[in-house]
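The values are calculated or read from the model by the stated rules, or taken from the named source; none is laboratory data. Quantities reported herein were computed from a predicted structural model and do not represent experimental measurements. We place every Cβ from the backbone using ideal geometry, glycine too, and count neighbours over all the protein chains shown. When the accessible area is computed, the model is the full protein with side chains, heavy atoms only, and any ligands, DNA or RNA have been set aside. Shrake-Rupley method; radii C 1.70, N 1.55, O 1.52, S 1.80 Å.
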Amino acid sequence: MAAHLSYGRVNLNVLREAVRRELREFLDKCAGSKAIVWDEYLTGPFGLIAQYSLLKEHEVEKMFTLKGSRLPAADVKNIIFFVRPRLELMDIIAENVLSEDRRGPVRDFHILFVPRRSLLCEQRLKDLGVLGSFIHREEYSLDLIPFDGDLLSMESEGAFKECYLDSDQTSLYHAAKGLMTLQALYGTIPQIFGKGECARQVANMMIRMKREFTGSQNSIFPVFDNLLLLDRNVDLLTPLATQLTYEGLIDEIYGIQNSYVKLPPEKFAPKKQGDGGKDLPTEAKKLQLNSAEELYAEIRDKNFNAVGSVLSKKAKVISAAFEERHNAKTVGEIKQFVSQLPHMQAARGSLANHTSIAELIKDVTTSEDFFDKLTVEQEFMSGIDTDKVNGYIEDCIAQKHPLVKVLRLICLQSVCNSGLKQKVLDYYKREILQTYGYEHILTLHNLEKAGLLRPQTGGRNNYPTIRKTLRLWMDDVNEQNPTDISYVYSGYAPLSVRLAQLLSRPGWRSIEEVLRILPGPHFEERQPLPTGLQKKRQPGENRVTLIFFLGGVTFAEVAALRFLSQLEDGGTEYVIATTKLMNGATWIESLMEKPL
């Protein structure tokens, strides 16, 4: 059991166990020894579901990464390909199968598509003459993966681009299927709210799927009270700003992949006397980050400026606990101290790691350039000088700073001004193409198509109305003991989370005007419950809302929702689901034609 998945109101271990069971059943169909050939992208998400020990119990003896040419030698009866339904992967699989040594022992091939089988892929395998080689061709519907006790992700890296640039609704279908799986495990969600075009489509798919399964009545008592579906393009601003929570900054600077982060090793090398610092490790330090670690659970969602004081308090508590050993006089006291030792040593190790990470982050956040960039971002978000060419952005282009950083700032300015004046936009484009190369014209086109970088139409800037009505900018933010969600960006309250907060109380009727300005329809659907399953809430019991971000979510938004869940009089606890956990840089990169 993964204990950190069951601490919240909704026990996400139930979902993890259901997908583990499905995996075990498939492995048992392929009797005998097995080797798994992995589509490399899937290894991270699978690691959150099943460790190697589970695979080993089901006779998995070898694991390889999917590569061209021949498969490595393995004395096994079954070879199973675990792959996403991508045509380019089918070509590699065909190469593997065709280069199989005919003189060697005969091996059985199987293919498991994650999360869906694809007729196009099977047709490609047929054209390449290998479809008949596969005994089992099945799908493994790993739609939503539990990352933490209140966080689920599909880890579909192309979802935003597919929806908004390619008009491809595959990831929306997977989202709807994932929601149907959740309802099968946790009961029908009585009310669905949504904002945005994709949200509307997912809700329609869910309603259609429910109609198609009318025969089976869901008799599980509902765990969720509401579902809120939110399109990423309803709030394009939030991911573009630099996240200022501890977890958000780790992601911004080092990138968190499937709850793991890789960090520069020299900060984590044990310091030995008289060593002179030689023999420093060269392998990156890999750490898992989730709420199973007590200290991380406490500091992950804090503004980075509030983390230092927590770490120093913890250091005092831990060293006082170790000093206790001198007071242990009787055998009983010594025994008690020894029994607490493993926990204390784990706490000390955890503190050392997070102190090192905080030092690494501080080196970045105290730099002059970080401060200059943050100042420009905050000016844009509070509505200052959004309609003219920005001097700092010009300098960044002239000094050839990373293109992703430049594009992120220009997109932020465009969103905070409801589009840029044509001459400002043309100037930026010209400067970028002349400095970084004309091949980026396709990237600029993609950003325009996604609504991130566009000319202002109708000459009107709607952002000030949205900012004032939704209180998106707060001047006096308490970063140490926050009273409002704006602490996650030191002043800016994420628009997406503000929408969720206002839906909970007093309801969206109070902001009809702003909802009309924001893109896409807003709607409400009710799903009737069988008699006897209606929920009677006890006095003081919070509602549970599942909020699904279609197109990706940032760690800062997750932190803001956790903050709302913990409010004494908030009335609502949130479980967060998304197509992908992302930040501004990975988002812009996913829209670039030639990722750098």
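Side notes on the structure shown:
- Taking the Kirkwood radius as Rh and the Cα radius of gyration as Rg, segment 1-86 has a ratio of Rg/Rh equal to 1.02.
- Cβ-defined net charge surrounding PHE64, 12 Å radius [Lys, Arg +1; Asp, Glu -1]: +1
- For segment 429-513, the list of chymotrypsin sites (Phe, Trp or Tyr not before Pro) that fall in a loop by DSSP and count at most 12 other C-beta atoms within 10 angstrom is empty.
- When the solvent-accessible area of segment 369-461 is split by element, carbon and sulfur atoms take up 52 percent of it, the probe being 1.4 Å.
- Approximate shape of segment 282-440 as ellipsoid semi-axes (Cα gyration tensor, √5λ), whole Å, largest first: 51, 16, 12
- Accessible area in the full protein assembly, largest first, 1.4 Å probe, for THR366, THR545, THR586: THR366, THR586, THR545
- Counted as membrane-span-like here are DSSP H helices of the chain whose alpha-carbon atoms extend 27 Å or more along the helix's own axis and whose Kyte-Doolittle mean is -1.0 or above; these are 331-365.
- Only helices enter this figure: runs of n ≥ 4 DSSP H residues, each worth -39500 (n - 2.57), summed and divided by the residues of the chain, yield -13500 deg cm²/dmol at 222 nm to the nearest 500.
- Average Cα contact separation per residue, segment 3-142, under 8 Å, 6 or more apart, as relative contact order %: 22 percent
- Remark: segment 47-127 projects, on average over all directions, an area of 5.9 nm² (convex hull of Cα atoms).
- Between segment 3-38 and segment 294-317, the Cα center-to-center distance that results, in Å: 34 Å
- Solvent-accessible area, 1.4 Å probe, carbon plus sulfur percent, for segment 155-257: 50 percent
- For segment 369-461, the spherically averaged projection of the C-alpha convex hull amounts to 5.5 nm².
- Annotation: CYS163 carries an accessible surface of approximately 30 Å², with a 1.4 Å probe and no ligand, DNA or RNA atoms counted.
- Lys/Arg +1, Asp/Glu -1 at C-beta; the chain dipole; positive extreme among SER565, SER414, GLY584: SER565
- Between segment 356-415 and segment 512-565, the Cα center-to-center distance that results, in Å: 33 Å
- THR65 accessible area, 1.4 Å probe, all protein chains in place, Å² to nearest 10: 60 Å²
- Compactness relative to 2.2 N^0.38 Å, alpha carbon Rg of the chain: 1.04
- Distance violations [Cα-Cα > 19 Å] among LYS161/LYS302; LYS262/LYS302; LYS161/LYS449; LYS262/LYS316; LYS373/LYS400; LYS400/LYS429: LYS161/LYS302; LYS262/LYS302; LYS262/LYS316
- Probe 1.4 Å, protein heavy atoms only - accessible area per residue of segment 369-461 in square angstrom: 45 Å²
- Accessible area in square angstrom per residue, segment 3-142, 1.4 angstrom probe: 48 Å²
- Over segment 3-142, volume per residue of the alpha carbon convex hull, in Å³: 104 Å³
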